[in-house]
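Colleague: Starting off with a structure, shown below.
The values are calculated or read from the model by the stated rules, or taken from the named source; none is laboratory data. Just so we're clear, the structure is a prediction, and the values are computed from it rather than from any experiment. Every residue, glycine as well, gets a Cβ built from its backbone with ideal geometry; the counts of neighbours run over all protein chains shown. Surface areas here come from the heavy atoms of the whole protein model, side chains and all, with no ligands, DNA or RNA. Shrake-Rupley method; radii C 1.70, N 1.55, O 1.52, S 1.80 Å.
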Amino acid sequence: MNFWADTPYITAYVRNEFLHDHEKGKGDFTLCTVFGFRSEVMRAPMFQIMLESGAQWARIPIHALCSKPCPEMALQLAVWWDSFSRNCQVKEVAFLRNHRVKAIGRDGVQRPGTYLMTVFWCDGGWSEIPDQSKDHHIIALDSGQWIAYPNNRLLWADPSWINGEVPRDWRSPSTNYSVEGMP
């Protein structure tokens, strides 16, 4: 069982209300270092953090984190899906490192940001169904808010070679390809 994974070490802020069970601290932030990811099915992607005071916190949901103090974002806009499995791998994909991206939210708004890392799901539930399996790319929006979005909700930017429009008629593959398995 692998429900915890190392992440790149990233300096961030945590919303203080998450450190006080939402009883106080709203609008205040504490500097932290993100260093781990926790995956629990039917729960939003969560992180492990260390505060400047030396306090370590587990199970901090993604909408509690930001790269700078910023207005809060609803969980439904910060992440498209709960964790797909207790089994995952987290990696900063070298090709995507520091890439600029536009995230297309449920509200249709495109929000610009920068790539941080990716969560890859395996061995469970939706992660095994071809047209449902989705990686969570962790993005720091320009506003400061962290989000977790899948491939089909991100438009990447690289002025050296990406150009043109994305075809709107593409569909995710629904076939499991196997040389030895049954069709």
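Colleague: What residues have an amide H closer than 5 Å to that of Glu92, excluding those fewer than 5 places away on the same chain, when H is modeled at 1.01 Å from N in the peptide plane?
Modeller: Sorted by chain and number, the residues that satisfy this are Thr118.
Colleague: Okay, moving on. Please give the peptides 41-48, 77-84 ranked by average Cβ packing (other Cβ atoms within 10 Å per residue), highest first, as a rough proxy for protection.
Modeller: 77-84, 41-48
Colleague: Whole-Hz Karplus ³J(HN,Hα) for segment 134-141, in order, using 6.51 cos²θ - 1.76 cosθ + 1.60 and θ = phi - 60°, x for Gly and Pro?
Modeller: 9, 6, 9, 8, 8, 10, 9, 5
Colleague: Quick one: accessible surface of Trp57, probe radius 1.4 Å, all protein chains present, in square angstrom to the nearest 10.
Modeller: Rounded to the nearest 10, the figure is 80 Å².
Colleague: Rounded to whole Hz and in sequence order, give me ³J(HN,Hα) for segment 76-81 from the Karplus expression 6.51 cos²θ - 1.76 cosθ + 1.60, θ = phi - 60°, writing x for Gly and Pro.
Modeller: 5, 8, 7, 8, 7, 9
Colleague: Rounded to the nearest 0.05, what FRET efficiency is calculated for Asp169 and Gln110 with R0 set to 25 Å and r the Cβ-Cβ distance? Mind dumping the intermediate values first?
Modeller: Values: r = 20 Å, r/R0 = 0.80.
Once rounded, the FRET efficiency stands at 0.80.
Colleague: Under 5 Å between amide hydrogens, which residues at least 5 positions from Gly36 or on another chain qualify, with H placed 1.01 Å from N in the peptide plane?
Modeller: Correct list: Thr7, Gln48.
Colleague: Taking θ as phi - 60°, what are the ³J(HN,Hα) couplings along segment 96-113 by the Karplus curve (6.51, -1.76, 1.60), each to the nearest whole Hz, with x for Gly and Pro?
Modeller: Values per residue, Gly and Pro as x: 8, 3, 6, 5, 7, 8, 10, 9, 9, x, 4, 8, x, 7, 8, 10, x, x Hz.
Colleague: Any chance you could run the full-extension gain for Ala74 through Asn152? It's 0.36 nm times the residue separation minus the Cα-Cα distance, nm to one decimal.
Modeller: 26.1 nm
Colleague: To the nearest 20 debye, what charge dipole does segment 8-116 have about its Cα centre, counting +1 at the Cβ of each Lys and Arg and -1 at the Cβ of each Asp and Glu?
Modeller: 400 debye
Colleague: Kirkwood hydrodynamic radius for segment 29-126: how many Å is it when counted over pairs of different Cα atoms? Intermediate values should be presented prior to the final figure.
Modeller: Values: mean 1/r = 0.0675 Å⁻¹.
After inverting the pairwise mean of 1/r, the radius is 14.8 Å.
Colleague: Taking H placed 1.01 Å from N in the peptide plane, check which residues at least 5 places from Trp80 or on another chain put their amide H under 5 Å from its amide H.
Modeller: Ala148
Colleague: What FRET efficiency, computed as 1/(1 + (r/R0)^6) with R0 = 30 Å and r the Cβ-Cβ distance, is obtained for Trp161 and Lys91, rounded to the nearest 0.05?
Modeller: So the FRET efficiency works out to roughly 0.85.
Colleague: Give the aspartates and glutamates reachable from Lys68 as a straight Cα distance under 16 Å; neighbours fewer than 8 places away on the same chain don't count.
Modeller: Correct list for Lys68: Glu17, Asp28, Glu52, Asp142.
Colleague: Another question about this same structure. Determine which lysines satisfy two conditions relative to Lys134: a Cα distance under 25 Å, and not lying fewer than 8 residues away in the same chain.
Modeller: Lys91, Lys102
Colleague: Starting from 0.36 nm per residue, how many nanometres of slack lie between Asn98 and Asp6 once their C-alpha separation is accounted for?
Modeller: 31.2 nm
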